[in-house]
Structure formats: C-alpha cells, structure tokens
1. Residue 131 to residue 101: FRET efficiency via 1/(1 + (r/R0)^6), r the Cβ-Cβ distance, R0 22 Å, to the nearest 0.05?
2. Averaging the inverse of every distinct alpha carbon separation and then flipping it gives the Kirkwood radius. What is it for the stretch 89-196, in angstrom units?
3. Cβ neighbours within 10 Å, averaged per peptide: list 100-106, 126-132 in order, most packed at the top.
4. Give me the percent of DSSP beta bridges within the stretch 89-196 that run antiparallel, rounded to the nearest 5.
5. Relative contact order, percent, of the stretch 89-196 when contacts are C-alpha pairs under 8 Å separated by at least 6 residues?
C-alpha cells in the first residue's frame, strides 16, 4: 500500500493579523462625541477629577523663571493683611515716695498698654524682681494678640505684683498709670505707682 505524503501546512499569518485587528478596533473606543458645527471650546469640568476641597498641584515654572505665586484654594479664607505695628513706647516706672517702703520685695512688675475701646490689653510686659525706678520699653513684640495693631492712643498702666500672677490682685500690690494716653514712639513716659491695693 502506497502512503500519501502528509499535506504541508501553510504558515499561519492570518491569526496574528486578525488578533491585531481585533485589538485595534477594541482600543479605539475613546468616547469621542461627534463634531457639532459652530461649537465653541470650553474648559472641561474637573469636579469629577478634583472633588471640592481636594488639594491641587500648583503650576510649575519653566526652567530659569521665578516660581509662580501660590493660588488660593477655593473656599479658603483670604490671606490676612499685615497688621500695623508702630514703634515702641519708652519711659520709666517710679513709685510714689509715701509708698516706697510698702512695695512688696521681689515683686513682678506688669506693664500694660490698653487701647481706648476697651477689650483685652494691646501689649503686656513682665519684669521679674523689679527694682524701682525701672526704665521700660513696650511695643509690638509685647502684643497679646498679634492681629491687634500696636496703634494709639494707648493708656499705659503698671502694677507691682507680690505673687507674680497677672490675673490676681492681692492686698499690698501697688499700681499706677501714666498721666494720659500716648502714641507709639513716645519717649519719656512716666508711670507713677501711687495706689496701694
């Protein structure tokens, strides 16, 4: 019996070509909407990518250019403007002669600058173990709240406090004030401690 030769196989070139065609057609679906005559370009809606409150990257500067100014975030409060800060007030604190022997020894001197509208003190300075008379300087660096401007007119008062606690007033503490309100930058201000608590 005579054997027939096995049929030779043709190279399979059609399979990879068909696979490439299927992948190309499947990957081409980009959800591109058809062109509309007269349509104007507009900014895309980024709310799906950047939900409200999400941090967004700041734009980068081109090489050799200064960095761009930071952009405020949506909903963020505006940056606070710089607060006015006048020059310090300088002077001396003395004790009235009739109270000199009544002053508590090793006491803390509290120097206070208040605005005319009331509220918290604008500035407070503490001088421990004060030996009177004491030269002083009180200014913007001594402010209690940095957002309150150091601006006049300011009433300067002082208290010689035996326990060193600014919130208490004990019998034997001595206090006094300058003759009248002063402006920042004033010099030669005299505060006389003339009231015994």
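Derivation of every value follows stated rules applied to the coordinates shown; laboratory data play no part. Predicted, not measured: the structure shown is a model, and the values here were computed from it. Glycine gets a Cβ as well: all are built from the backbone with ideal geometry, and neighbour counts include every protein chain shown.
1. Values: r = 15 Å, r/R0 = 0.66.
Rounded to the nearest 0.05, the efficiency is 0.90.
2. Hydrodynamic radius (Kirkwood, Cα only) of the stretch 89-196 equals 13.8 Å.
3. Working: 100-106: 11.7, 126-132: 13.9.
For the peptides 100-106, 126-132, the packing ranking is 126-132, 100-106.
4. 85 percent
5. Details: 260 pairs, mean separation 39.0, N = 108.
Averaging sequence separation for qualifying contacts and normalising by length gives 36 percent for the stretch 89-196.
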